[in-house]
Amino acid sequence: MTLLAPLIAGIAAAIAIPALVILYFLKLKRRDVEVSTTLLWKKAIEDLQANAPFQKLRNNILLILQLIALCAAIFALAQPEVKSNSLGGGRHVIVIDRSGSMSATDGGADSKPGGVTRLEAAKKKALEFVHTMREPGLLDERGDEAMVVAFDVIADRLANFTSNKAELRRAIESIEPTDAPTSFVAAFQTARAFARVTLAEDKGLITSGGATIHLFSDGRLPDLEQLGQSKDLAITAEDKIVFYPVGSPDTWNVGITGMRAERAFEEPGKLSIFVGVMNSAKEPRTVDVELRIDSRVDAIKQVTIPAARLTESTTGDEAGGIRASNKLVTSSSGVVFDMVRPQGGVFTVVVRPPEGDALAADNNGYLVVPPAKRLTVALVTDGNLFLREVLDGLPLQKLDVWSPAEAQERFKDGATPAGYDVFVLDGWLPKIRGADGKEVPGLPPGRFLVFNALSSPPLGLIDQGPGEATTVINYDRGHPALRNISFDGLTVNPSRKCSIPPRSGVRSLAEGISGPLIVEATDVGTRALIVTFDTLNSNWPFDAGFVLYTAQGLTYLGSSSGETGALVLRPGQTVEQTLPPGAANARVGLPDSSRKDLLVSAEGRVVYGPLPKVGIYTISWEGAAGGTDTLAEGRVRRIVTANLLDPYESEVAAVKADDLKSLMPSNISTGQLQAGTRRLWPWFLLLALAFVLIEWFVYNRKVVV
């Protein structure tokens, strides 16, 4: 307990208490009075006025009550305060992580897998925090207020600022786990938007920190570095953050982190399923990998994954020194299932992990493989013999060659010619209507392999003219179109100076000095691989990588052609599909066997998301079927799969509080509720008033001991 004004209270006590006691020492100086009867004595001896000092102090309940009331009033004058686990009248933002790693089962007191999940532990801590909040009372109208935010790749505000604890508890208890990745940036932006208070001043608006952000998480926040990369996201001294860690840093996991299906280009009936498996344990783990085709077990293979290893790293501490720490580097291995299967199907891969595995979401993977077919391709060129020779040598079902003038007639009014899986465009793009209504070079709906042409934004690049001579500085080795290709000997002179517009559906696959050399452009109905430079101004046509890129690019684009669109997604993403004309009564079946109705737009589009869990989602409707759709029970069905396939989420070892603090500013505290203060003087005034009322009651009853 702390006294804010002890000196004032001491002076008041030194004056008031002796004065009260002295009043009870005073006695009457009595005078002789003759009375006719002793019945009048009682009236004569009443102490009506103290006019003689120093009578003997007697036990008097009135004195005791008056002393207690006086002491309580003097103590209130000293303004006593006590520490509490909640900030009286404070504003708080409760931020709870619900991402994939929060489903790890090491959230119990013993931190061993198989118990409660981290999300359950985080919700329990959040409920305990709500319990400590001060509610508005008779003597303190403010109390504490809090709001609730749950986040994974997106942030949801579940409760606005309120002091209603029942409402806050309902919001916290309603949080369900997802298998989506983590994005703390989204949660931080949402929390800070409501945490900061804007005050109106004469000369403008002043924004200041007005709430404390309470983060309940395992600390696996991959985008923390983004908080310091821009002024809008920087954590400042006004941002008060309290971190409540859940989970154990020693928890390990085995899971699927990679999965793809490939058909041999020359023999499409030959199918290979590639599965990558990760291990974050410090010991090697042997697991069984099971392949199922349409729910039937087809093959089982065993794989041993090496142990994860520790690497030493250094970080700066709060004192400006260097602190050494060990970082866990996971290991991985894989298996390949080869088969002859011209028909398609739904492929499920199941990993049987050993005991102690903490996360179940990454033990299953799903793929929808379409039936084998040779591609139908249309080439638009003004005479590129290299590209024509490459396409003539590939085992295509059909290859049509058009001049740019012929192609423009076929792409009239921005419509894509029917009957082709992929269009190869060499130095030419069809005319489409831009946002201003004018015709510009662009990409209509369809699949395109583009050489030496730049489409206009937003599904394109910003052309800045000729660029410098360059080589490939960096490229995405894991992309299906660039796999097994070496760009070490590639030289381009001149290149094309260009840049990717912000918030567009374009991402760079290969970078040069002047900008991207190869990009992928994707939106709802369009997917394109674009080579930004003229291949004739490079030595690429003489390299085997040019043939391999063309073949792999066609396979990659052709495998997602037709009405099906993108059928392989991740939790947190949104599925968008175009249904055949006349489709009605659409709905989606979820992995937990529940169903939800879908709204079909005038263009036949249906949208559902973000996808919460790993599993198979079935879109069904009444009407005509697309090229790869199936018919069952009178309804057309289309399968969409969602897989975790996220090494960061699968590496479930919780981040230590000190390690997280090293990545964030020093104004972040960890592990405990922030200590606040409670004012006690109103309660002491209330106590003084109560004893004054008791003393008044006793005096009027003439009760004296």
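The values are calculated or read from the model by the stated rules, or taken from the named source; none is laboratory data. Because the structure is a prediction, the values reported are computed rather than measured. All Cβ positions, even for glycine, are placed from backbone atoms using ideal geometry, and neighbour counts span all protein chains on display.
What the table shows:
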{"read-out": "The stretch 432-479: number of residues that are among the charged types (D, E, K, R) and buried (at least 19 other Cβ atoms within 10 Å of the Cβ)", "value": "1"}
{"read-out": "Residue in the stretch 572-589 that is part of a loop (DSSP other than H, G, I, E, B) and either of a type in the set (D, E, K, R) or modelled with pLDDT of 95 or more (or both) present", "value": "no"}
{"read-out": "Selection from the stretch 404-431 of residues that are of a type in the set (A, V, I, L, M) and more than 20 Å from residue 382 (Cα to Cα)", "value": "415, 418"}
{"read-out": "The stretch 591-605, residues that are under 21 Å from residue 348 (Cα atoms) and surrounded by 10 or more Cβ atoms within 10 Å (Cβ to Cβ)", "value": "591"}
{"read-out": "Check on residue 437, part of a loop (DSSP other than H, G, I, E, B) and within 24 Å of residue 505 (Cα to Cα)", "value": "yes"}
{"read-out": "Filter result (crowded, with 21+ Cβ neighbours inside 10 Å and touching a helix residue (DSSP H, G or I) at 6+ places or on another chain (Cβ under 7 Å)) within the stretch 491-519", "value": "492"}
{"read-out": "Filter result for residue 423 (modelled with pLDDT of 90 or more, within 36 Å of the chain's Cα centre (by Cα) and either in a strand (DSSP E or B) or within 25 Å of residue 401 (Cβ to Cβ) (or both))", "value": "no"}
{"read-out": "Criterion (modelled with pLDDT under 95, surrounded by fewer than 20 Cβ atoms within 10 Å (Cβ to Cβ), β-branched (Val, Ile, Thr) and under 22 Å from the mean Cα position of the chain (by Cα)) met by exactly one of 116, 93", "value": "116"}
{"read-out": "Candidates 514, 495, filtered to the one that is in contact with a Ser or Thr (Cβ under 6 Å, 6 or more places away or on another chain), closer than 25 Å to residue 385 by Cα and among the small types (Gly, Ala, Ser)", "value": "495"}
{"read-out": "Some residue of the stretch 426-433 being out of contact with any Cys (no Cβ under 9 Å at 6 or more places or on another chain), more than 30 Å from residue 396 (Cβ to Cβ) and part of a loop (DSSP other than H, G, I, E, B)", "value": "no"}
{"read-out": "Candidates 646, 597, filtered to the one that is farther than 25 Å from residue 256 by Cβ and among the acidic types (Asp, Glu)", "value": "597"}
{"read-out": "Complete set of residues in the stretch 592-623 that are touching a strand residue (DSSP E or B) at 6+ places or on another chain (Cβ under 6 Å), assigned to a loop (DSSP other than H, G, I, E, B) and closer than 26 Å to residue 181 by Cα", "value": "598, 609, 611, 614"}
{"read-out": "Matching residues in the stretch 342-368 - criterion: being surrounded by fewer than 19 Cβ atoms within 10 Å (Cβ to Cβ), outside any strand (DSSP E or B) and either at pLDDT 95 or above or of a type in the set (D, E, K, R) (or both)", "value": "355"}
{"read-out": "Residue list for the stretch 521-550, filter: assigned to a strand (DSSP E or B) and buried (at least 20 other Cβ atoms within 10 Å of the Cβ)", "value": "521, 527, 528, 529, 530, 531, 538"}
{"read-out": "Test: residue in the stretch 637-646 that is of a type in the set (Val, Ile, Thr), farther than 27 Å from residue 220 by Cα and either crowded, with 20+ Cβ neighbours inside 10 Å or in contact with a Ser or Thr (Cβ under 8 Å, 6 or more places away or on another chain) (or both)", "value": "yes"}
{"read-out": "All positions within the stretch 627-649 that are of a type outside the set (S, T, N, Q) and touching a helix residue (DSSP H, G or I) at 6+ places or on another chain (Cβ under 9 Å)", "value": "644, 645, 646, 648, 649"}
{"read-out": "Residues of the stretch 628-658 that turn out to be in a helix (DSSP H, G or I) and β-branched (Val, Ile, Thr), as a count", "value": "0"}
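Condition check ((1) of a type in the set (Ser, Thr, Tyr); (2) at pLDDT 90 or above) across all residues:
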residue: 326; (1), (2): no, no
residue: 331; (1), (2): yes, yes
residue: 374; (1), (2): no, no
residue: 380; (1), (2): no, yes
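Residue by residue, here is whether (1) surrounded by fewer than 21 Cβ atoms within 10 Å (Cβ to Cβ); (2) modelled with pLDDT of 85 or more; (3) assigned by TED's automatic domain parsing to the domain that holds residue 344 holds:
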| position | (1), (2), (3) |
| --- | --- |
| 613 | yes, yes, no |
| 624 | yes, yes, no |
| 656 | yes, no, no |
| 660 | no, no, no |
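Listed here are the residues, each with its yes/no results for (1) under 27 Å from the mean Cα position of the chain (by Cα); (2) under 30 Å from residue 394 (Cβ atoms); (3) assigned by TED's automatic domain parsing to the domain that holds residue 343.
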site	(1), (2), (3)
265	no, yes, yes
269	no, yes, yes
281	yes, no, yes
294	no, no, yes
297	no, no, yes
301	no, no, yes
304	no, no, yes
307	no, no, yes
